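> Sending over a structure as structure tokens; questions will come in a sec.
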Amino acid sequence: MSNTISYPLLRDGDPQAAVIENPESCSPFILLADHAGQRIPTQLGDLGLPAGEIDRHIGWDIGSLATAQLLSQYLDATLIHQRYSRLVIDCNRTPGIASSIPEISEHTRIVRNIGVTVEEAQARRIEVFQPYHDLITQTLDRRRDSGQPSVIISMHSFTPSFKNSDRPWQIGTLFNRNPDFALQLVALLQQDSSLHVGINEPYAMTDATDFTLPFHAEQRQLPYVGIEIRQDLITEHDGQKAWARRLAQLLPQVLANIGYSK
């Protein structure tokens, strides 16, 4: 497969990378979905993937967008999400690191990502990664300038098992600096004895592995939490609705508990 592309990377028929829903919301919550989409720019074909691989977790966070959209409706909150697959460029990774444009994901080789030129990597960053993060920055700046508080909720999903190890958590909470909001959410979730709540599980949030929350939330010292919901629980609409309703009930309680009004 040729790695030659012409520029710009996105051509007629390729949708814009970033989407904002309910931009004029007065809610303090702003929802983000880094891995919501699974589109591939037309010029990149199928990235050399075997059939069906783009539909797996390696291609996107299954169920995360639908759940985030329902949560946006229930909270009347702004939602910003990304249309392109994390295999094109991962919008939750610092550009330039190996996992930004992965050559392998789990056990699958991403053939079209092997030997990507500096120029093409730059095009993916400028046309896919940057519009998403610019839209978040512009939205947060506008809210700040108008005196509207912002609490960032980053929505993801995770697989029920990974490399033959079962994951017992139904929901995980991710945070690093400024953990107050996340820990308050953990405390409320744990009131339901049927839930096994992950605390920085199934992933731990670090500057080396994450970009969105460190850059947009921690640098601005905004309350935030990364939410990971197990995919088998939100594959279908009923599960998406149930989890969105649960979070729509709990998140305002957390906000009240921490007394945030900045």
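> Looking at this structure, is LEU183 in a helix (DSSP H, G or I), under 19 Å from ASN257 (Cα atoms), in contact (Cβ under 8 Å) with a residue 60 or more places away in the chain and open to solvent by 20 Å² or more (accessible area, probe 1.4 Å)?
The answer is no for LEU183.
> Is there any pair with a first residue in the range 189-201 that is under 14 Å from LEU174 (Cα atoms) and a second that is open to solvent by 80 Å² or more (accessible area, probe 1.4 Å) whose Cβ atoms are under 7 Å apart and which are 6 or more apart or on different chains, and what are they?
VAL197/GLN190
> Is one or more of the residues making up the range 1-12 of a type in the set (A, V, I, L, M), open to solvent by 60 Å² or more (accessible area, probe 1.4 Å) and in contact (Cβ under 8 Å) with a residue 60 or more places away in the chain?
The answer is yes, given that some residue of the range 1-12 is of a type in the set (A, V, I, L, M), open to solvent by 60 Å² or more (accessible area, probe 1.4 Å) and in contact (Cβ under 8 Å) with a residue 60 or more places away in the chain.
> Hey, among the residues in the range 94-119 that are within 24 Å of PRO214 (Cβ to Cβ) and of a type in the set (Gly, Ala, Ser), which one's least open to solvent (accessible area, probe 1.4 Å)?
Here the answer is SER100.
> Let me ask something else about it. List, please: which pairs have Cβ atoms under 7 Å, are six or more places apart or on different chains, and start with a residue in the range 22-35 that is hydrophobic (A, V, I, L, M, F, W, C) and end with one that is part of a loop (DSSP other than H, G, I, E, B) and crowded, with 18+ Cβ neighbours inside 10 Å?
Hits for this filter: PHE29/ALA77; ILE30/ALA77; ILE30/SER150; LEU31/ALA77.
> Next up: Being under 19 Å from GLU228 (Cα atoms), polar (S, T, N, Q) and open to solvent by 10 Å² or more (accessible area, probe 1.4 Å) narrows it down to one residue among GLN122, GLN38, GLN82, GLN43; which is it?
GLN38
> Taking LEU247, is it closer than 20 Å to ILE80 by Cβ, part of a helix (DSSP H, G or I) and hydrophobic (A, V, I, L, M, F, W, C)?
So LEU247 fits the description; yes.
> Of everything in the range 200-235 that's among the aromatic types (Phe, Trp, Tyr) and open to solvent by 70 Å² or more (accessible area, probe 1.4 Å), which residue is nearest to ILE97 (Cα to Cα)?
PHE215
> Which one of these does ASP192 not meet: (1) exposed (fewer than 15 other Cβ atoms within 10 Å of the Cβ); (2) under 13 Å from SER154 (Cβ atoms); (3) among the acidic types (Asp, Glu)?
(2)
> Looking at the structure I just gave you, is THR67 among the polar types (S, T, N, Q) and either under 22 Å from PHE211 (Cβ atoms) or buried (at least 23 other Cβ atoms within 10 Å of the Cβ) (or both)?
The answer is yes for THR67.
The values are calculated or read from the model by the stated rules, or taken from the named source; none is laboratory data. This is a predicted model, so every value here is computed, not measured. Neighbour counts are summed over all protein chains in view; Cβ atoms, including those assigned to glycine, are modelled from backbone coordinates with ideal geometry. For the accessible areas, the whole protein counts, side chains as well, though only heavy atoms, and no ligand, DNA or RNA atoms are used. Shrake-Rupley method; radii C 1.70, N 1.55, O 1.52, S 1.80 Å.
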